[in-house]
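Let me begin by presenting the structure, written as structure tokens, before commenting on it.
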Amino acid sequence: YLDRLEIDPERLAEVEQRLDTLQDLARKHRCRPDELPQLLEALRQERDGLEASETRLDNLDKQIEECLADYKKLAGTLSQKRQQAAQKLSRQVTANMQELGMEGGHFEVEVTGSGDEPAPYGHDRVQFLVTANPGQPAKPLQKVASGGELSRISLAIQVITAGREGIPTLIFDEVDVGVGGGVAEIVGRQLRALGDDRQVLCVTHQPQVASQGHQHLRIAKHTKGKTTRTRVEPLTVEERVEEVAR
């Protein structure tokens, strides 16, 4: 084998230099030497993309202009529909508030522009304004309404929009605070109507409300020594009559 072997020192040095170069490139790019061909192709594609960047930027600018025009058109249509819906919802909620013990109260949906910058929900700023007493200016709902008023206004909105929303569960806490027997009965009827097609959980101390629920759970605290526990008990028909009477 040695007699037939032709040893070329220059070729050997060339191969060793090539191997050293491959090892250096692999270390530089943090890959194995056999992955260099795939890396080379990826880098060539990246270079081609950078060389064509001006053309791509022009195309992207054009796409942005087209998308912005579509956005403004859709946002304008949405704004018009919001203005129309706001007037209708304001009237309906205001009327419902009168039945829920907030006589003279007024509800208003304010739709104002928020600038031309694109936003996920259009260029409108929607705010709920309310006055619980006649003669007072309407102010943001979250700043002037009490907890009970918030619950009742929320109930009014839910009753009006019940057929348009897909919320499966609604929770009302003390929705009947500060209302008398007649209004409490109206609140109970509206809650029961909502419960016909979704789950409604209501915490109440009013028998007029509790009596109209499809189910009745009694919540009571029990103290034993230094430990206090809360029990939730489903009531039978007889127990429910006794609890409402109590």
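The values are calculated or read from the model by the stated rules, or taken from the named source; none is laboratory data. What you are looking at is a predicted structure, and each value in this text was computed from that prediction instead of being measured. A quick note on method: Cβ atoms are made from the backbone with ideal geometry, for glycine too, and the neighbour counts reach across all protein chains shown. Heavy atoms of the whole protein, side chains included, go into the accessibility calculation; ligands, DNA and RNA do not. Shrake-Rupley method; radii C 1.70, N 1.55, O 1.52, S 1.80 Å.
Remarks
- Full extension of the chain between Leu217 and Arg125 yields a length gain of 29.0 nm, computed as 0.36 nm times the residue separation minus the alpha carbon distance.
- Heavy-atom accessible surface of the chain: percent carbon and sulfur, 1.4 Å: 52
- Solvent-accessible area of Thr228 with every protein chain in place, 1.4 Å probe, in Å² to the nearest 10: 80
- A DSSP coil position with no more than 12 other Cβ atoms inside 10 Å describes the following trypsin sites (Lys or Arg not before Pro) in the stretch 119-219: Arg164.
- Counting only lysines at least 8 places from Lys73 when in the same chain, those with an alpha carbon closer than 20 Å to its own are Lys62, Lys81.
- Three semi-axes of the equivalent ellipsoid, the stretch 165-219, Cα gyration tensor, whole Å, largest first: 18, 12, 10
- Largest accessible area first, the listed residues Thr204, Thr230 line up as Thr230, Thr204 when surface is computed with a 1.4 Å probe on the assembled protein chains.
- Cα-based equivalent ellipsoid, the stretch 1-113: semi-axes from gyration tensor eigenvalues, Å: 77, 20, 9
- Qualifying lysines (Cα of each under 26 Å from Cα of Lys226; at least 8 residues distant if same chain): none
- Taking the alpha carbon gyration tensor of the chain, multiplying each eigenvalue by 5 and rooting it gives semi-axes of 71, 33, 15 Å, largest first.
- Listed residues Cys67, Val183, Ile171: farthest to the positive end of the dipole of the chain (Cβ charges): Val183
- Subtracting the Cα-Cα distance of Leu201 and Glu174 from their residue separation scaled by 0.36 nm leaves 8.6 nm.
- Computed over protein heavy atoms with a 1.4 Å probe, the accessible surface of the stretch 179-233 works out to 69 Å² per residue.
- Relative to its Kirkwood radius, the Cα radius of gyration of the stretch 17-83 gives an Rg/Rh of 1.46.
- Dimensions of the stretch 1-54 along the principal axes, based on C-alpha atoms and rounded to the nearest Å, stand at 62, 21, 16, largest first.
- Separation between Cα centres of the stretch 136-157 and the stretch 193-227, rounded to whole Å: 23
- Ellipticity at 222 nm from helices only: DSSP H runs of n ≥ 4 in the chain, each -39500 (n - 2.57), divided by the residue count, give -17500 deg cm²/dmol.
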